[in-house]
Amino acid sequence: MIQTYYHKEMSPNECIGYSMSPQKPKMFMDLIQELGYANYFPIKDDWSPFSIEEFLIAHHKSYVDAFFHGTQPLASSNGFEWSIELASSVCYTNASLYHAIRDSFLMDWVTFSPTSGFHHAKPKSGSAFCTFSGQVIASVKLYRELDLKGVYIDLDGHFGNSIEDSKSFVLDVIQAIPYNINPGGRHDSYLRDAKQQFESVMEDIDKNKIHYIVFCSGADSLIDDDLGGSLSIEEWLHLKQWMYQKLVPYDKDLKKFPTTISLFGGYRKDHYRSVLDAHLMDLLLCLKIRFGIDVPYVSEYRKKG
């Protein structure tokens, strides 16, 4: 079963902006409940939200203070109308990712953080629906606490700049995150690039240089998405299947190679259920390949055109 790091406080009741991402944790977990799949994704909620001080790992104090006090323009540099609920929610979403990754290593398991809103944030501001650099904070904390090094497979439709932008501000992010993979191209060229880079990761896993892997499974890399478009849903799922199968040899009996899955982007004004559907098919694919659990599901994904 894929242990899921969720608190209801991860989603504000209301958030004004183009993106549905702040509501995605609740929407996705509600879908799992509705379908009767909750037993496959047991919730772990005995963890605490981040303190304000923890955001200083990856961000200037001036930005952190401005955001949590609602001081404009920085408080809305993420593209959302600021609210106390939104400010509170990011303390939970960022902590979810950290605890999911940490426990994947400590328990040798596959974990799930139903989160997004990280990979465009900058040290001095938010950007493009992202408030804080959750990946940087999580991995730098784990490097400092446990000397762990991890990989991000960023399959979101837009380049995840937060890790690169943080390198001059958080010097040990280079050691904490040796790989930040953002495949380029479309269709076959995207698949080739992703697989070639993933093979390099496998080589370093063999050398015990990589301790965990995080899949940033953005659905906006799908050609049906409003803001992205690199892969068909079939290509997207093929790539995830290929990657999960590559990790199977590292799974030993009841222990799995430390793996975390996160949601990241996805924008469909015509049929948002397709975004959630893609994420669900991805997780069910992981269950099938890594755990041998084949969950019956009839997809409601709609292709455009």
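Failed condition for SER200, given (1) polar (S, T, N, Q); (2) under 17 Å from the mean Cα position of the chain (by Cα); (3) at pLDDT 95 or above, with all others met?
(2)
Please verify whether region 88-100 includes one or more residues that are of a type outside the set (Phe, Trp, Tyr) and in contact with a Lys or Arg (Cβ under 9 Å, 6 or more places away or on another chain). Write out each step before concluding.
At the first step, the residues of region 88-100 found to be of a type outside the set (Phe, Trp, Tyr) are 88-91, 93-97, 99-100.
From the residues that got through so far, the ones that are in contact with a Lys or Arg (Cβ under 9 Å, 6 or more places away or on another chain) too are 99-100.
Yes, there is a match, as at least one residue in region 88-100 is of a type outside the set (Phe, Trp, Tyr) and in contact with a Lys or Arg (Cβ under 9 Å, 6 or more places away or on another chain).
Scan region 202-212 for residues that are assigned to a loop (DSSP other than H, G, I, E, B) and on the phi < 0 side of the Ramachandran plot and report the count.
The qualifying residues number 4.
All but one of (1) modelled with pLDDT of 95 or more; (2) touching a Ser or Thr at 6+ places or on another chain (Cβ under 9 Å) hold for LEU35; state the number of the condition that does not hold.
(2)
Suppose we filter region 246-285 for residues that are among the basic types (Lys, Arg), surrounded by fewer than 22 Cβ atoms within 10 Å (Cβ to Cβ), in contact with a Lys or Arg (Cβ under 9 Å, 6 or more places away or on another chain) and part of a loop (DSSP other than H, G, I, E, B); how many remain?
1
Specify the residue that is nearest to ASP154 (Cα to Cα); the eligible residues are those in region 228-237 that are assigned to a helix (DSSP H, G or I) and touching a Ser or Thr at 6+ places or on another chain (Cβ under 9 Å).
Selected residue: TRP236.
Select from region 140-164 the residues that are closer than 30 Å to GLU81 by Cβ and hydroxyl-bearing (Ser, Thr, Tyr) and write down the one among them that is modelled with the highest pLDDT.
First, pick out the residues of region 140-164 that are closer than 30 Å to GLU81 by Cβ: 140-141, 152, 154-164.
This time we only want the ones that are hydroxyl-bearing (Ser, Thr, Tyr), so: 152, 162.
Values: TYR152: 97, SER162: 80.
Checking each candidate, the answer is TYR152.
Mind listing whichever residues of region 32-54 are over 20 Å from TRP109 (Cα atoms) and either more than 18 Å from the chain's Cα centre (by Cα) or of a type in the set (S, T, N, Q) (or both)?
Across region 32-54, the qualifying residues are GLN33, GLU34, LEU35, GLY36, SER48, SER51, ILE52, GLU53, GLU54.
Take the residues in region 241-255 that are out of contact with any helix residue (DSSP H, G or I) (no Cβ under 8 Å at 6 or more places or on another chain) and not charged (D, E, K, R), then tell me which one is modelled with the highest pLDDT.
Of region 241-255, the ones out of contact with any helix residue (DSSP H, G or I) (no Cβ under 8 Å at 6 or more places or on another chain) are 249, 252-255.
Checking the rest, the ones that are also not charged (D, E, K, R) come to 249, 254.
Values: PRO249: 96, LEU254: 89.
The extreme case among them is PRO249.
Do we have any residue at all in region 184-201 that's in contact (Cβ under 8 Å) with a residue 60 or more places away in the chain, assigned to a loop (DSSP other than H, G, I, E, B) and under 24 Å from LYS303 (Cβ atoms)? Spell out how you get there, then give the answer.
Step one: filter region 184-201 for residues in contact (Cβ under 8 Å) with a residue 60 or more places away in the chain, giving none.
Taking every residue of region 184-201 in turn, none turns out to be in contact (Cβ under 8 Å) with a residue 60 or more places away in the chain, assigned to a loop (DSSP other than H, G, I, E, B) and under 24 Å from LYS303 (Cβ atoms).
Conditions (1) in a strand (DSSP E or B); (2) surrounded by fewer than 23 Cβ atoms within 10 Å (Cβ to Cβ); (3) at pLDDT 95 or above; (4) among the aromatic types (Phe, Trp, Tyr), marked per residue:
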| site | (1), (2), (3), (4) |
| --- | --- |
| VAL214 | yes, no, yes, no |
| ASP226 | no, yes, no, no |
| LEU239 | no, yes, yes, no |
| ARG290 | no, yes, yes, no |
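With LYS167, LYS207, LYS195 as the choices, which residue is out of contact with any Phe, Trp or Tyr (no Cβ under 6 Å at 6 or more places or on another chain), farther than 18 Å from ASN94 by Cα and modelled with pLDDT under 95?
Values: LYS207 fails: modelled with pLDDT under 95; LYS195 fails: modelled with pLDDT under 95.
So the residue among LYS167, LYS207, LYS195 that is out of contact with any Phe, Trp or Tyr (no Cβ under 6 Å at 6 or more places or on another chain), farther than 18 Å from ASN94 by Cα and modelled with pLDDT under 95 is LYS167.
Output the residue which, of all residues in region 170-195 that are in contact with a helix residue (DSSP H, G or I) (Cβ under 9 Å, 6 or more places away or on another chain) and more than 26 Å from ASN208 (Cα to Cα), is surrounded by the most Cβ atoms within 10 Å (Cβ to Cβ).
Selected residue: TYR190.
Exactly one condition in (1) modelled with pLDDT of 95 or more; (2) closer than 16 Å to LEU263 by Cβ is false for TYR63; which is it?
Exception for TYR63: condition (2).
Can you tell me which residue within region 10-44, out of those that are of a type in the set (Gly, Ala, Ser) and part of a loop (DSSP other than H, G, I, E, B), is surrounded by the most Cβ atoms within 10 Å (Cβ to Cβ)? Step through it out loud before you land on a result.
Going through region 10-44, the residues of a type in the set (Gly, Ala, Ser) turn out to be 11, 17, 19, 21, 36, 38.
Next, only the ones that are part of a loop (DSSP other than H, G, I, E, B) stay: 11, 17, 19, 36.
Details: SER11: 26, GLY17: 14, SER19: 21, GLY36: 9.
Here the answer is SER11.
The values are calculated or read from the model by the stated rules, or taken from the named source; none is laboratory data. Here the structure is a predicted model, which is why all the values come from computation and not from measurement. Cβ atoms come from the backbone with ideal geometry, glycine included; neighbour counts cover every protein chain shown.
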